[in-house]
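Colleague: Got a structure for you, questions after.
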Amino acid sequence: MAIKTIKLKKGKEDSLLRFHPWVFSGAVESAPTDIEEGDIVKVVSNDNRFIGVGHFQIGSIVVRILSFEDTSIDLTFFEERLSAAYDLRKTLNLIRHDNNAFRLVHGEGDFLPGLIVDVYGNTAVVQAHSPGMHFARNTIAQALVGLNDAGIKNVYYKSETTLPFKAQLDPQNDYIVGGYETNIAIENGLKFQVDWLKGQKTGFFVDQRDNRSLLEHYAKGRSVLNMFCYTGGFSFYAMRGGANLVHSVDSSAKAIALTKANVELNFPGDSRHEAYAEDAFKFLNTIDNKYDLIILDPPAFAKHRSAIKNALIGYRKLNAKAFEKIRPGGILFTFSCSQAINKEQFRLAVFSAAAMSKRKVRILHQLTQPADHPINIYHPEGEYLKGLILYVE
Ligand code: SAH
């Protein structure tokens, strides 16, 4: 079957020639009438020059380019891309006896737009964000299992919430290969249970690994509040770092149950830790002068560009509460994972919050996502995690 071809309007190939991997709907001059969601398509310029091959999708981004070379998108293609991604993680020294949790594929950052793969021991959790990747899921699973010395035995597909609803693909979260073995993974020597069946994202936020390590170095002798703790990632690093006490807060009771289980797994019977299923703002209102290290890692306040204004107000309010309540000499770890909000906007929101509190505040570190969430330099949209470590007098 001949590959379907999308022709661009005149001049609309410029960003693609600079390797930006998205074709927007406004750039398309013509597309075959029988084109369908998830089709592999060839993109050509108005004068019929080859531009790339990619996955077609209905929406504002109509093609996600998989290759700027005229290549087949088949098992060999996925094997090569996954193998390159795995080699990079090896280079990053993330595959060790005391670390078996990492992101193997970060969409555009690994030249596989629409695909996320997180690895927990010998289980890979695959998320498709595009119909094309959904249709390729079995091929991807086959390539994952065959991957060098990775030892991946189980592939869990988890795309019920990440695929475009309108595409009506009706994906089922399920194992494509293998099945349940264990859900305990290891990050920097700390153990944690990953709930890929029911948990958020792929079950754990691997993207905070480096920032959690940094926290460990600041925790000694401090009273730590881990706000929006999810399954407790920051909490057990704080405990290993020698915190006096660690309180974990999340509005989800399920997250709190997992946090407790994870702390118990690493520090059985340790009375320094307590966890509360409560709303962040409510909790912060009650904590006068109790903590000298606070972590704020809320969910994305802006999921779309339209929500930016309200999200910035949200970040300002939340951080203002922390500045109001943190002890003098305190350290605040504050984050935003909203892709729609850039570094400067986030910093401005935190600046406004600091100004409201009238406290002396200094930036100690500026944080971002770790190296297994690489940013394709031609696709700056891939940068999403922002954080500041602040010293509050
Ligand atoms: N810091 C975590 C990830 C945080 S994800 C880690 O390192 O793994 C964001 C968390 O915020 C989710 O677990 C969600 O349940 C929680 N959350 C969302 N709204 C909240 C609110 N209003 N109050 C408290 N927690 C909230």
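Laboratory data are not the source of any read-out in this text; all were calculated from the coordinates shown. Note that the structure is a prediction, hence the values are computed from the model and not measured. All Cβ positions, glycine included, derive from the backbone under ideal geometry; neighbour counts span all protein chains shown.
Colleague: By how many nm would the segment from residue 160 to residue 122 grow when fully extended, if each residue of separation counts as 0.36 nm and the alpha-carbon distance is taken off?
Modeller: 11.5 nm
Colleague: Starting from the Cα of residue 47, step 7 Å along the direction of its Cβ; do the same at residue 303; then give the gap between the two resulting points in nm.
Modeller: Simple spin-label model gives 4.5 nm for this pair.
Colleague: At most 12 other Cβ atoms within 10 Å and a DSSP loop assignment: could you name the GluC sites (Glu not before Pro) in the stretch 134-227 that fit?
Modeller: Here the GluC sites (Glu not before Pro) that fit, given the DSSP loop and packing criteria, are 181.
Colleague: While we're here: Give me D for the stretch 75-187 in µm² s⁻¹, whole number, from Stokes-Einstein with Rh from the Kirkwood sum over alpha-carbon pairs, 10 °C and 1.306 mPa s.
Modeller: The diffusion coefficient I find is 113 µm²/s.
Colleague: Each label point is 7 Å from the Cα along the Cα-to-Cβ direction; what then is the distance between the points at residue 33 and residue 197, in nm?
Modeller: Inter-label distance under the simple model: 4.9 nm.
Colleague: Can you return the aspartates and glutamates within cross-link range of residue 166? Criterion is Cα-Cα under 12 Å, with same-chain partners fewer than 8 residues away left out.
Modeller: 37
Colleague: Please report the equivalent ellipsoid semi-axes of the stretch 4-67, computed as sqrt(5 x eigenvalue) of the Cα gyration tensor, largest first, in whole Å.
Modeller: 16, 12, 11
Colleague: With label points built 7 Å along Cα→Cβ from the Cα atoms of residue 18 and residue 351, find their separation and express it in nm.
Modeller: A separation of 2.6 nm, rounded to one decimal place.
Colleague: Over the stretch 222-297, what per residue volume does the convex hull of the Cα atoms give, in whole Å³?
Modeller: 72
Colleague: Sort 22, 196 by Cβ crowding within 10 Å, fewest neighbours at the top. Intermediate values should be presented prior to the final figure.
Modeller: Values: 22 18, 196 21.
By the 10 Å Cβ count, ascending, the order reads 22, 196.
Colleague: Another one. Which ordering of 317, 158 is given by a fewest-first count of other beta-carbon atoms within 10 Å?
Modeller: The order, fewest Cβ neighbours first, is 317, 158.
Colleague: Hey, which lysines would be in cross-link range of residue 153, C-alpha to C-alpha under 24 Å, not counting anything within fewer than 8 residues on its own chain?
Modeller: 90, 191, 198, 201
Colleague: Name the residue from 17, 313, 46 whose Cα lies farthest towards the positive end of the charge dipole of the chain, charges +1 on Cβ of Lys and Arg and -1 on Cβ of Asp and Glu.
Modeller: Selected residue: 313.
Colleague: Sticking with this one: DSSP beta bridges in the chain, what fraction antiparallel, as a percent rounded to 5?
Modeller: 65
Colleague: When we measure straight from the Cα of residue 360, which lysines land under 30 angstrom away, once same-chain ones fewer than 8 places off are left out?
Modeller: 220, 282, 290, 309, 317, 321, 325, 343, 386
Colleague: Ranking 88, 115, 364, 296 by Cβ neighbours within 10 Å, fewest first, what do you get?
Modeller: Fewest-to-most ranking of 88, 115, 364, 296: 364, 88, 296, 115.
Colleague: Let me ask another. May I ask you to derive the relative contact order of the chain, considering only C-alpha pairs under 8 Å and at least 6 residues apart, and to give it as an integer percent?
Modeller: 11
Colleague: Between residue 279 and residue 186, 0.36 nm times their residue separation minus their Cα-Cα distance comes to what?
Modeller: Between residue 279 and residue 186, full extension yields an extra 30.6 nm.
Colleague: Please compute the length gained on full extension between residue 289 and residue 71, using 0.36 nm multiplied by the number of residues separating them and subtracting their Cα-Cα distance.
Modeller: 72.4 nm
Colleague: Evaluate the charge dipole of the stretch 75-187 about its Cα centre and quote only its size in Debye, nearest 20, assuming +1 on the Cβ of each Lys and Arg and -1 on the Cβ of each Asp and Glu.
Modeller: Working: 9 positive and 13 negative charges, 14 e Å.
Magnitude of the dipole: close to 60 debye.
Colleague: So if I average 1/r over every pair of distinct C-alpha atoms in the chain and take the inverse, what Kirkwood radius in Å does that give?
Modeller: About 22.3 Å for the chain.
Colleague: Let me ask something additional. What is the ratio of the Cα radius of gyration of the stretch 125-179 to 2.2 N^0.38 Å, where N is its residue count, to two decimals?
Modeller: This ratio for the stretch 125-179 stands at 1.14.
Colleague: Taking 8 Å as the Cα distance limit and 6 or more residues as the minimum spacing, I'd like the relative contact order of the stretch 75-187 as a percentage.
Modeller: Relative contact order for the stretch 75-187 comes out at 25 percent.
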